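Contents: one structure, followed by commentary.
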Amino acid sequence: MAGGDLDAEDRLVSDDYLSRDFHGAFSEDELEEIDIDVRPDEPEPEEPNCFLQPRTFLVFVQCYFVTIACILGTGILGLPVTLAESGFSPFLVSFFFCFIMQVLVVYFFTDLLQRAHTFSIDKYRSAASLDDAPLPMSEVNQDDHAGMPNGSVHSYIQEVSKVVPKPNLHTLGSLFLGKALGAAFNICVLLNLVSILISYALAGSEAWAQILGVDFFYIIPAFVWLQSLAIVFAEQIITPAVSILTFFKGSVLVATVIVTFGVGSAVGNVITNDFAYFGTPFLMGTVALGGVFVVMPMMYAKVQYCRRQLKYFFYSITAGVATCAILNVLWCWAVLQIVPQVSSCSSSEGSSNGEAPGITVLPSRVSPSQCSNDYSLESAAENGEISTVPLTEILAADHPEFMWVALLVQVFIVISVTVSYLTLGSALKHSFLGWLDDLMSWGRHSTDDRSGVTSRLRLLPRNMFRPILTLLLFGAIFGVAMANPKGFVMMLEKIASLLINLLAGLFVFLMVRKSRSSVYRNIQIPYPVTDYLFPLHILLPIFFLSAVVYDVILSFIDFFVE
């Protein structure tokens, strides 16, 4: 077993969390009204509620599309720009390792969600005193096939799992990180999501403004508030809407890739690889595929507590990550088939100075007019452009019959930013309300001795106060977007990319270690991490914190160079 015993402080943190979250999760009247009918003498079939039915299948389809919506944003359009110096092969190698590490994060995070949920079930059963001798989950023998016991105990646990609140990011931080690290984890999650949503608010408003032909400043209120109101008050329709829009978005991207490959076969652009520039695609790969664990608690809430469904939950998210990885690779390959990697002007200058020739064979003399119309990944990176800018310019000049691809790209950007805002906005709401519910202790013991504002605020109606505070949070996002401080927004984008790797490499790793400590190691869960794969968790800090260090070094270099 990995991990050591919790120290006294950790035990106090766990006890404090349990006393607030489980004893107070329901009022005493609500506990009395809960009726869980268990008949030990009446045999029941094995996992009767776990069989995959059409409605259950739709849950995993939604998990698949929500995963894609979370990962596959407009960043894919800028990814080929980072390959100007490295080429395709170094990117492919680094991206493969990034994919493997993201699958490991999903695998370990699925285990964490189950352990937090099972811990909640045990404590809830003890607090509710629903039977004379509660049987903790840690003392229940599990079946190899179903992962749960048969008969009445299984039925009992299934019923309890429905009334116990599902874990959220705040729950995981409180259980597995303690007070200080848990607070740091909450701050990093909220800062990461808020910074990304501010960027999406600006990018999405600008994309819609280009289509509508108006100033994007007037689009920001409609873009932010229409979606924020839907997230707060129409949560049930968000996931189906995101699934449909993600399918359409993916179809548009696939059509764009197919056309780009078709044109690229005629262009025959030469791709040169240089593993000396391995670092840039490595860093971008961790960001391009990262962050899905932030939305996993939101999707976990829709899955039943049994081995089969939890297994398919992991499979559906992994399939979504794999789909995003494949689309990223195909898009980068297709762009490199058409757009030159380096500028013809910079290559000719290097040749005239006696330096090594550029990546592609170019004329020895390049006119100023050619330099002004030079379209390459290198020039796009220098001008802060996404890869579709040189791509559409080349298509317009050499293949005007494919100019409709530019319209597809614009449609993809609009849908992608909208879907990403809905998805990550829902994740922000889920995480924020988890922290808020724990802080306010809605309707809990009248003897709660919390002083100050919290003790008074908890008397306010829960159904009214929660949406008001959530709207205030989205109001802060709207305020920053309307101010549009470009330097601040650029800083937020940099922080967001750094926090994604920090959350996976440090906090998730520490939670995995703590989940195997003395308090949690004997918890039996339906779909646990196998003993053979558990040692791989040590790779998380090695891989992701290396990306953090590399990102910080590049940021310092850019700062001092400028």
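Every read-out reported here was derived from the displayed coordinates using simple, explicitly stated rules and does not represent laboratory data. Since the structure is predicted, the reported quantities are computational estimates derived from the model, not experimental observations. Here the Cβ positions follow ideal geometry from the backbone for every residue, glycine too, while neighbour counts run over all protein chains shown.
Structure notes:
- In plain terms, the bigger the Kirkwood radius, the slower the diffusion; for the stretch 184-250, with that radius from Cα pairs, at 20 °C and 1.002 mPa s, Stokes-Einstein puts D at 158 µm²/s.
- The share of alpha-carbon pairs in the stretch 203-351 lying farther apart than 24 Å comes to 58%.
- Listed pairs Lys123/Lys166; Lys123/Lys179; Lys302/Lys514; Lys302/Lys429; Lys166/Lys311; Lys123/Lys302 exceeding 23 Å between Cα atoms: Lys302/Lys514
- Span from the the stretch 407-441 Cα centroid across to the the stretch 258-311 one, whole angstrom: 19 Å
- Protection proxy ranking for 313-320, 221-228, using the average of other Cβ atoms within 10 Å per residue and placing the highest first: 313-320, 221-228.
- A protection proxy built from the mean count of other Cβ atoms within 10 Å ranks the segments 331-338, 397-404, 420-427, 93-100, most packed first, as 420-427, 331-338, 93-100, 397-404.
- Sorting the segments 282-288, 210-216 by their residues' average number of neighbouring beta-carbon atoms within 10 angstrom, most packed first, yields 282-288, 210-216.
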